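Data block below; observations after.
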């Protein structure tokens, strides 16, 4: 990609963030397919992998690269609203990481995914998908969480749909390609912008092991 005058190529998305993003999409599809086909053993396994991914992303949101940190990309609601008001204005993408509205979408998706994983612990539909705490939970609460588990998945699908629609709008109306930086990690930014700090691979690996251990331990002990 040829650099525009006064811009330079900057690494904005580290490999852990990009891997999380691109692993999440097929994993949600696997969860949907295994639930539809009643392959609950695979469904539970996919849920445990999802929990590990979400836990890693939450950890990375506090100690990861600058653009991955919640403190860096969670703008004020007023800033997000001002950004949304310019959704159809054609302008260059100068955001170092998530834009103000996109940051809140990331937070919403992470909360929905975490709630979906945790609610799955209690799920029981009288077929083959008892959660590990089903036998120790009051029936009324178990039924409530079972319904919530289904509703949360629909909310995740809706949020993903909104996310894809936003990408399409940004490409068509604003002339901004949000997919390329999430694939390559690089973005053309004004030369005056300070490049974000990128965390080391060793830190990511340690957090990935920790997240995997917590997700596996949750499954093992429950």
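The values are calculated or read from the model by the stated rules, or taken from the named source; none is laboratory data. Being a predicted model, the structure only gives us computed values, none of them experimental. Here Cβ is always computed from backbone atoms with ideal geometry, including for glycine, and neighbour counts include all displayed protein chains.
Numbers below:
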item: Any hit, region 199-218, residues being assigned to a loop (DSSP other than H, G, I, E, B), within 30 Å of residue 67 (Cα to Cα), in contact with a strand residue (DSSP E or B) (Cβ under 9 Å, 6 or more places away or on another chain) and modelled with pLDDT of 95 or more; result: no
item: Residue within region 179-186 that is within 26 Å of residue 62 (Cβ to Cβ), in a loop (DSSP other than H, G, I, E, B) and either at pLDDT 95 or above or under 18 Å from the mean Cα position of the chain (by Cα) (or both) present; result: yes
item: Residue check, residue 66 under 23 Å from residue 201 (Cβ atoms), in contact with a helix residue (DSSP H, G or I) (Cβ under 6 Å, 6 or more places away or on another chain) and touching a residue at least 60 places away in the same chain (Cβ under 8 Å); result: yes
item: Some residue of region 122-134 being at pLDDT 90 or above and assigned to a helix (DSSP H, G or I); result: no
item: Leading residue by the ranking (surrounded by the most Cβ atoms within 10 Å (Cβ to Cβ)) among those in region 26-56 that are free of Cβ contacts under 8 Å to residues at least 40 places away in the same chain and within 15 Å of the chain's Cα centre (by Cα); result: 27
item: Which listed residue is in a helix (DSSP H, G or I), closer than 25 Å to residue 175 by Cα and at pLDDT 95 or above, from 60, 104; result: 104
item: Test: residue in region 140-152 that is crowded, with 16+ Cβ neighbours inside 10 Å, at pLDDT below 95 and not in a helix (DSSP H, G or I); result: no
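To keep it simple, each residue is scored yes or no on (1) modelled with pLDDT of 95 or more; (2) surrounded by 15 or more Cβ atoms within 10 Å (Cβ to Cβ).
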| position | (1), (2) |
| --- | --- |
| 70 | yes, yes |
| 73 | no, yes |
| 77 | no, no |
| 86 | no, no |
| 93 | no, yes |
| 96 | no, yes |
| 99 | no, yes |
